[in-house]
Amino acid sequence: MSVKILMVCLGNICRSPLAEGILASKLPAATFSVESAGTGSWHIGHSPDKRSIEIAKKNKLDISKQKGRQFETTDFETFDFIYVMDHSNYKDVVAMAKNEKQISKVKMILNELFPTENVDVPDPYYGTDNGFEMVYKMLDEACDIISEKLIAQQN
């Protein structure tokens, strides 16, 4: 049985596709599955933002084939872990939960780096191109910790 992880941001074109690609690259595909979704519906079926694709490619990851989708209540049943990028995403996802068990699956991704501080991954969409570089580095560090924990749990 594989462990399923979902990365969630607002539109599913910048942060969560990067987080999906980064974490998937750090975990064995035979025992882990990583996907991403957005809380909004604007980019359903769209590829990630070209700047996310470029920063991923610069770091030897290909996220170009990902397609945006919206978070659904069934995701609580499908996924073991749900990592959100910011407070707004957390609030939106938790509001869809039916019980405490579902809420307990939802975590702020940067709490892996800054426990209990609830730091947001900044949305680079309207910023400058180096915002994508900064977001990539934050997510890469958080995903290092997540992958180490998940692999340790399997052993």
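The values are calculated or read from the model by the stated rules, or taken from the named source; none is laboratory data. Since the model is a prediction, treat every value here as computed from it, not as a measurement. Counting neighbours? That spans all protein chains shown, and the Cβs are built from the backbone with ideal geometry, glycine included. When the accessible area is computed, the model is the full protein with side chains, heavy atoms only, and any ligands, DNA or RNA have been set aside. Shrake-Rupley method; radii C 1.70, N 1.55, O 1.52, S 1.80 Å.
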* Asked: Which condition number does Asp49 fail, the rest of (1) under 24 Å from Glu148 (Cβ atoms); (2) touching a Cys at 6+ places or on another chain (Cβ under 9 Å) being met?
  -> (1)
* Structure fact -> Note: among Asp49, Asp80, just one is acidic (Asp, Glu) and under 20 Å from Cys14 (Cβ atoms), namely Asp49
* Asked: What do you reckon, is Ala37 within 18 Å of Leu10 (Cβ to Cβ) and at pLDDT 95 or above?
  -> yes
* Asked: Of all the residues that make up region 65-86, how many are crowded, with 20+ Cβ neighbours inside 10 Å, within 26 Å of Pro115 (Cα to Cα) and either without any contact (Cβ under 8 Å) to a residue 60 or more places away in the chain or not hydrophobic (A, V, I, L, M, F, W, C) (or both)?
  -> 4
* To do: Kindly list, by first and then second residue, each pair from a residue in region 1-23 that is farther than 17 Å from Glu54 by Cβ to a residue that is surrounded by 24 or more Cβ atoms within 10 Å (Cβ to Cβ) and among the basic types (Lys, Arg), limited to pairs with Cβ atoms under 8 Å and residues at least 6 apart or on different chains.
  => Met7/Arg15; Cys9/Arg15
* Asked: So, of the residues in region 87-102 that are within 23 Å of Pro17 (Cβ to Cβ), among the hydrophobic types (A, V, I, L, M, F, W, C) and in contact with a strand residue (DSSP E or B) (Cβ under 8 Å, 6 or more places away or on another chain), which turns out to be surrounded by the most Cβ atoms within 10 Å (Cβ to Cβ)?
  -> Val93
* Structure fact -> Asp120: passes all of (1) closer than 22 Å to Arg51 by Cβ; (2) charged (D, E, K, R); (3) open to solvent by less than 70 Å² (accessible area, probe 1.4 Å); (4) not in a loop (DSSP other than H, G, I, E, B) but (4)
* Asked: Between a first residue in region 115-137 that is among the charged types (D, E, K, R) and a second residue that is not in a helix (DSSP H, G or I), which pairs have beta carbons less than 6 Å apart while being 6 or more apart in sequence or on different chains?
  -> Asp120/Asp86
* **Single residue of region 5-27 satisfying the filter (crowded, with 20+ Cβ neighbours inside 10 Å and among the charged types (D, E, K, R)) that is nearest to Thr78 (Cα to Cα)** => Glu20
* All positions within region 51-71 that are over 15 Å from the mean Cα position of the chain (by Cα) and not hydrophobic (A, V, I, L, M, F, W, C) -> Arg51, Glu54, Lys57, Lys58, Asn59, Lys60, Asp62, Ser64, Lys65
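Evaluate region 28-43: report whether one residue or more is of a type outside the set (Asp, Glu), touching a Gly at 6+ places or on another chain (Cβ under 7 Å), touching a residue at least 24 places away in the same chain (Cβ under 8 Å) and open to solvent by 40 Å² or more (accessible area, probe 1.4 Å).
Among the residues of region 28-43, at least one is of a type outside the set (Asp, Glu), touching a Gly at 6+ places or on another chain (Cβ under 7 Å), touching a residue at least 24 places away in the same chain (Cβ under 8 Å) and open to solvent by 40 Å² or more (accessible area, probe 1.4 Å), which makes the answer yes.
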* Asked: Does Ser2 satisfy the condition of being at pLDDT below 95, surrounded by fewer than 16 Cβ atoms within 10 Å (Cβ to Cβ) and closer than 18 Å to Asp123 by Cβ?
  -> no
* How many residues are assigned to a helix (DSSP H, G or I) and within 15 Å of the chain's Cα centre (by Cα) when one looks only at region 123-149? -> 14
